[in-house]
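Take a look at the structure below.
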């Protein structure tokens with residue numbers, strides 16, 4: 001091998017490495033929206049199935065109330081200034097205060113069947129540790 005063929009081989013290896021790296025970055029970047037779409041659809045199905053939920057708004061005191069989610073993005077039963085409307089974004093349920101500011105955010109926990117508070121910093125007005133538990137025919141039960 002001469003110097004030119006060694007240089008050419010190194011350049012080709014670097015180019016292949018860069019292409020593979022960029023490809024993995026692009027695939028990783030695309031995975032987020034695909035995952036969010038799947039999670040969004042799962043949450044819509046859960047929330048808009050007509051079922052009621054027990055919302056544990058003060059979980060340490062076992063304080064809860066029944067809540068329903070309406071297709072137009074409003075809270076039905078259980079609506080108040082803090083839990084006024086809702087949307088699904090990036091695979092999470094977001095609850096809005098009547099001032100249209102985010103109040104709390106929840107993620108679906110497959111193992112418990114609950115929607116658990118994410119405890120994100122931008123949800124500081126709500127009580128951390130809150131959760132929604134779906135109801136089936138008048139009983140508390142996981143999904």
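A few notes on this one:
- Residue in segment 19-32 that is farther than 18 Å from residue 108 by Cα and either touching a residue at least 40 places away in the same chain (Cβ under 8 Å) or surrounded by 14 or more Cβ atoms within 10 Å (Cβ to Cβ) (or both) present: no
- Qualifying residue in segment 74-83 (condition: in a strand (DSSP E or B), touching a strand residue (DSSP E or B) at 6+ places or on another chain (Cβ under 6 Å) and surrounded by fewer than 17 Cβ atoms within 10 Å (Cβ to Cβ)): yes
- Residues of segment 57-73 satisfying the condition of being assigned to a loop (DSSP other than H, G, I, E, B) and surrounded by 14 or more Cβ atoms within 10 Å (Cβ to Cβ): 68, 70
- Condition check for residue 143: surrounded by 15 or more Cβ atoms within 10 Å (Cβ to Cβ), on the phi < 0 side of the Ramachandran plot, in contact with a helix residue (DSSP H, G or I) (Cβ under 9 Å, 6 or more places away or on another chain) and at pLDDT below 95: yes
- Hey, residue 90 modelled with pLDDT under 95, over 21 Å from residue 127 (Cα atoms), touching a helix residue (DSSP H, G or I) at 6+ places or on another chain (Cβ under 7 Å) and surrounded by 13 or more Cβ atoms within 10 Å (Cβ to Cβ) or not: yes
- Qualifying residue in segment 46-56 (condition: touching a residue at least 12 places away in the same chain (Cβ under 8 Å), loosely packed, with under 12 Cβ neighbours inside 10 Å and assigned to a helix (DSSP H, G or I)): no
- Positions within segment 88-130 being assigned to a helix (DSSP H, G or I) and free of Cβ contacts under 8 Å to residues at least 12 places away in the same chain, in sequence order: 121
- Members of segment 98-131 found to be more than 22 Å from residue 60 (Cα to Cα) and surrounded by 14 or more Cβ atoms within 10 Å (Cβ to Cβ), listed by number: 102
The values are calculated or read from the model by the stated rules, or taken from the named source; none is laboratory data. What you are looking at is a predicted structure, and each value in this text was computed from that prediction instead of being measured. Every residue, glycine as well, gets a Cβ built from its backbone with ideal geometry; the counts of neighbours run over all protein chains shown.
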